1. Among helices (runs of 4 or more DSSP H) lying entirely in region 25-86, which contain 3 or more residues that are over 21 Å from residue 7 (Cβ atoms)?
2. Mind counting the residues in region 1-26 that are of a type outside the set (A, V, I, L, M) and modelled with pLDDT of 90 or more?
3. Looking for something at pLDDT below 90, touching a Lys or Arg at 6+ places or on another chain (Cβ under 9 Å) and open to solvent by less than 100 Å² (accessible area, probe 1.4 Å) - is there at least one such residue anywhere in region 64-81?
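The values are calculated or read from the model by the stated rules, or taken from the named source; none is laboratory data. The model shown is predicted, which means the values in this text are computed figures rather than measured ones. Positions of Cβ are backbone-derived with ideal geometry, glycine not excepted, and every protein chain shown enters the neighbour counts. Just so you know, the surface numbers come from the protein's heavy atoms only, side chains and all, with ligands and any DNA or RNA stripped out. Shrake-Rupley method; radii C 1.70, N 1.55, O 1.52, S 1.80 Å.
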Amino acid sequence: DGVAQGRRIKCRLCTKALKKIQELAGDDPDEAAVVVALKKGCQALGRALGRLCQQLVNKYRDQITEGLQNGDMPRDICTAMGICRS
């Protein structure tokens, strides 16, 4: 159904965005590195996805930052934020 499909798309976007952000942040990022990566990561996804990515980042900034600093996998961070199902 439409709701499940929408959720899958959001989950894929979240995972894709966080993978990009994780690459940009490096292996052991401090908060400043994560902040820069959040900005650049969304821009790298293009205009339409970038806008969605930016909304995601603004809403879940603390959880994303904490997850990346803990070395969590992008999918796990998205699941913890309730965007992906486990």
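1. Details: elements: 31-43, 47-69, 74-80.
In region 25-86, the matching helices (runs of 4 or more DSSP H) lie at 31-43, 47-69.
2. Applying the first criterion (of a type outside the set (A, V, I, L, M)) to region 1-26 yields 1-2, 5-8, 10-12, 14-16, 19-20, 22-23, 26.
Restricting the remaining residues to those that are modelled with pLDDT of 90 or more gives 11-12, 14-16, 19-20, 22-23, 26.
Residues flagged as of a type outside the set (A, V, I, L, M) and modelled with pLDDT of 90 or more within region 1-26 amount to 10.
3. There is no residue in region 64-81 that is at pLDDT below 90, touching a Lys or Arg at 6+ places or on another chain (Cβ under 9 Å) and open to solvent by less than 100 Å² (accessible area, probe 1.4 Å).
Each row is one residue, and each column tells you yes or no for (1) more than 16 Å from residue 78 (Cβ to Cβ); (2) touching a Lys or Arg at 6+ places or on another chain (Cβ under 7 Å); (3) free of Cβ contacts under 8 Å to residues at least 60 places away in the same chain; (4) open to solvent by less than 30 Å² (accessible area, probe 1.4 Å).
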site: 16; (1), (2), (3), (4): no, no, yes, no
site: 21; (1), (2), (3), (4): no, no, yes, yes
site: 24; (1), (2), (3), (4): yes, yes, yes, no
site: 27; (1), (2), (3), (4): yes, no, yes, no
site: 31; (1), (2), (3), (4): yes, no, yes, no
site: 41; (1), (2), (3), (4): no, yes, yes, yes
site: 49; (1), (2), (3), (4): no, no, yes, no
